[in-house]
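What follows is calculated from the coordinates using simple rules that are stated; it is not laboratory data. What you are looking at is a predicted structure, and each value in this text was computed from that prediction instead of being measured. Cβ atoms come from the backbone with ideal geometry, glycine included; neighbour counts cover every protein chain shown.
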Amino acid sequence: MRGRAWALLAVVTLAGRGGAAQQPDSAAPAAPPAPPAPLTPALIAPSAPRPQHWMRPAASLLVPGTGQLLAHQDRGAVYLAAELIGLLRYVQLTSQWRGEARRYRALAFDVARRAFTPTPRDTVFEYYETMERFTASGRYNQAPGPALVPETDLGTYNGAVWLLARQTYWADPTTPPDPSTPAYMRAVEFYQAHAAGPDFLWSWSDASLEQGVFREAIRKSDDAYRRAQNQLGLLLANHVLSVIDALISSRLAAAAGRSATLETTVTPGAALVRVTIAF
């Protein structure tokens, strides 16, 4: 019995030592941690794009309304429609202005100038305005020789120019000084500079009806020209307002952290601009 007890005790002791050997030693150094798994491109969050505040105003500067349409703002269509309508109106008025100008130039040559010059020569607009007011230009030189003798008929344009030259430089417009004096020569120089020359003489004699049509064509051309210039100013204003709108909507809204809009009201003689920021 005693031998069996000692054998059992030895088995229990060895089993206890074996179990203790399998337990980790608390004094042993800890194993290094496993390296983290690399991040795949799908797990990396994309950085937010930096806002480019100049894109929308630049787009509106080129074509009004595009800056607003890029921001999904419905009022961009209003700017764009105003631009298209304004351009069509400007083209229409420009065509009318040039058409009437061709008409009165052709009428002036065919009726009033052809008898004096065989070749049409164009000149400044003020010349045609003068043809409106005077029935005839008068002669440029009344003498057949090389000496210049100005027109004296006060009912003609050249006669009126010579009268103005005499009133300006002569002591007495009705009494000519000696042709060698500075006063006489200055009056002649004034006449040469402002009178209608040999290539631009005209006469509406026996053509009063045609002169009336000529005047009407000049009036229509001048009126269309002024309206075209006004339309060009409205087009420029539409560009400026669209740029300001896009600039306020992008920069001011970004600075305030809220949506901002610009409202414009144009009335005859006044323009109201209002900026609103949502709260």
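Under 5 Å between amide H atoms, partner at least 5 residues away or on a different chain: which partners does ALA136 have, H built in plane at 1.01 Å?
Long-range HN contacts for ALA136: TYR157, TRP204.
If amide hydrogens are placed 1.01 Å from N in the peptide plane, which non-local residues have theirs closer than 5 Å to the one on ALA71?
Distant-sequence amide H within range of ALA71: zero hits.
Tell me, what is the percent relative contact order of segment 103-153, built from C-alpha pairs under 8 Å that lie six or more residues apart?
20
Going by a ≥ b ≥ c, the root eigenvalues of the Cα gyration tensor, does segment 155-241 fall in the rounded group (a/c under 1.5), the prolate group (a/b larger than b/c) or the oblate group?
Judged from the Cα gyration tensor, segment 155-241 comes out oblate (a/c at least 1.5, b/c at or above a/b).
Using the basic label-point model (7 angstrom from Cα toward the beta carbon), what is the LEU164 to LEU84 distance in nanometres?
5.0
Quick one: which residues, 5+ away or cross-chain, put their amide H under 5 Å from the amide H of VAL149? H built at 1.01 Å from N.
Residues meeting the criterion, in which the H sits 1.01 Å from N, are GLN142, ALA143.
Ranking request for peptides 134-143, 230-239: highest mean number of other beta-carbon atoms within 10 Å first, then the rest in descending order.
134-143, 230-239
Would you please put 182-189, 59-66, 77-84 in order of how densely packed they are, using the mean number of other Cβ atoms within 10 angstrom per residue and starting with the highest?
Result, highest mean Cβ count within 10 Å first: 59-66, 77-84, 182-189.
What whole-number value in cubic angstrom gives the convex hull volume per residue for the C-alpha atoms of segment 128-202?
Numbers: hull volume 6.8 nm³, N = 75.
It is 91 Å³ per residue.
Ordered by residue, what ³J(HN,Hα) values in Hz, to whole numbers, does segment 129-142 give under the Karplus form 6.51 cos²θ - 1.76 cosθ + 1.60, where θ = phi - 60° and Gly and Pro are x?
5, 5, 5, 5, 8, 10, 5, 9, 7, x, 7, 7, 9, 7
Between GLU132 and ARG215, what is 0.36 nm times their sequence separation minus the Cα-Cα distance? Round to one decimal in nm.
29.3 nm
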